[in-house]
1. Please list, ordered by first then second residue, the pairs with beta carbon atoms under 7 Å, 6 or more apart or interchain, first in segment 77-93 and assigned by TED's automatic domain parsing to the domain that holds Val35 and farther than 18 Å from Glu34 by Cβ, second assigned to a helix (DSSP H, G or I) and not basic (Lys, Arg).
2. Could you please give the count of residues in segment 95-113 that are among the β-branched types (Val, Ile, Thr) and either in a loop (DSSP other than H, G, I, E, B) or in contact with a helix residue (DSSP H, G or I) (Cβ under 8 Å, 6 or more places away or on another chain) (or both)?
3. Among the residues of segment 123-137, count how many are touching a Phe, Trp or Tyr at 6+ places or on another chain (Cβ under 7 Å) and either surrounded by 15 or more Cβ atoms within 10 Å (Cβ to Cβ) or among the hydrophobic types (A, V, I, L, M, F, W, C) (or both).
4. Can Ala86 be described as buried (at least 19 other Cβ atoms within 10 Å of the Cβ) and over 32 Å from the mean Cα position of the chain (by Cα)?
5. Step by step: first the residues of segment 9-35, then only those that are in a loop (DSSP other than H, G, I, E, B) and among the hydrophobic types (A, V, I, L, M, F, W, C), then the one that is farthest from Gly129 (Cα to Cα). Which residue is that?
6. Can you say whether Thr131 is farther than 12 Å from Val37 by Cβ, assigned to a strand (DSSP E or B) and touching a residue at least 40 places away in the same chain (Cβ under 8 Å), as far as the supplied structure shows?
7. What number of residues within segment 73-83 are surrounded by 14 or more Cβ atoms within 10 Å (Cβ to Cβ) and not in a loop (DSSP other than H, G, I, E, B)?
Amino acid sequence: MSENATRATVKGSERISLHGAHAIGPVPNDERFEVTVRVRRKMPLQSTAMTSFRSDQLPAKRQYLTHEQYAATHGSDPADLAKVVAFAQKHGLVVVETSAARRSVFLSGTAANFAAAFGTTVEHYEHDGGTYRGRIGSLTVPSDLVDIIEGVFGIDDRPVAKPHFQRYKQAPSIGIQAMLLAVRLPPLNWQSSTTSRLDWTVRGSVLRLSNSVVAIAKLILKPTFRSSVFPCLMSRRSESVEQVTIPRLLIAPTAK
């Protein structure tokens with residue numbers, strides 16, 4: 001009986017083209033790429049649910065598997081891996097690596113070899129976002145491998161995820177010096193006794209605000225950043241608050 005007569009469909013391997021995509025031509029037969037074949041476990045993880053970390057036990061009484069124990073218990077059976085390797089080599093595919101712990105057989109080959117091995121047609125598709133190598137329909141393998149192989153990944157390289165974050169243009173930051181200079185207070189008349197008390201109140205509030213900002217900055221900023229973040233308010237020679245330089249525009253006497 002021929003292999004084609006005893007082939008079965010790999011569960012979950014059905015594919016349709018992306019929305020709006022259309023085939024623009026077959027992939028060249030000699031184009032090479034890599035494919036990962038996922039193999040079943042020796043023992044399902046559910047079988048250890050009663051003694052795993054999810055059970056109702058104190059932490060000191062729980063049993064945790066090492067990497068070696070996990071691979072030996074829940075990895076792939078070497079006999080299953082050997083069957084997949086023999087199948088791949090029969091179709092001219094190169095076995096790059098096998099891993100029982102990762103339950104994977106990594107294969108390399110041409111598009112023609114993969115198409116023949118898994119009973120599919122590999123084509124280039126074009127859509128609004130670009131192009132991709134893809135296929136439609138299901139993959140098939142010999143019936144004695146259909147329960148061993150859980151998935152075949154890499155023949156179709158269509159994008160499977162789309163970023164949804166958005167980049168917003170950062171608003172221009174205003175420095176402390178620019179903020180203080182933006183407060184355009186009228187100059188004080190030092191020879192007049194009718195200077196408004198409001199002028200002194202506003203000026204004092206601005207000075208206290210600037211001193212508070214500097215004090216907080218000295219507490220939360222590292223020394224290496226102080227001179228670069230507050231070049232107009234910080235003295236490079238001293239870290240004390242008394243060395244703060246306040247722009248003279250805040251209190252500017254009237255020219256005679």
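1. Lys83/Leu145
2. 3
3. So the count comes out to 3.
4. It is false that Ala86 is buried (at least 19 other Cβ atoms within 10 Å of the Cβ) and over 32 Å from the mean Cα position of the chain (by Cα).
5. The selected residue is Val10.
6. It is true that Thr131 is farther than 12 Å from Val37 by Cβ, assigned to a strand (DSSP E or B) and touching a residue at least 40 places away in the same chain (Cβ under 8 Å).
7. Summing the residues that are surrounded by 14 or more Cβ atoms within 10 Å (Cβ to Cβ) and not in a loop (DSSP other than H, G, I, E, B) in segment 73-83 gives 5.
The values are calculated or read from the model by the stated rules, or taken from the named source; none is laboratory data. What you are looking at is a predicted structure, and each value in this text was computed from that prediction instead of being measured. Every residue, glycine as well, gets a Cβ built from its backbone with ideal geometry; the counts of neighbours run over all protein chains shown.
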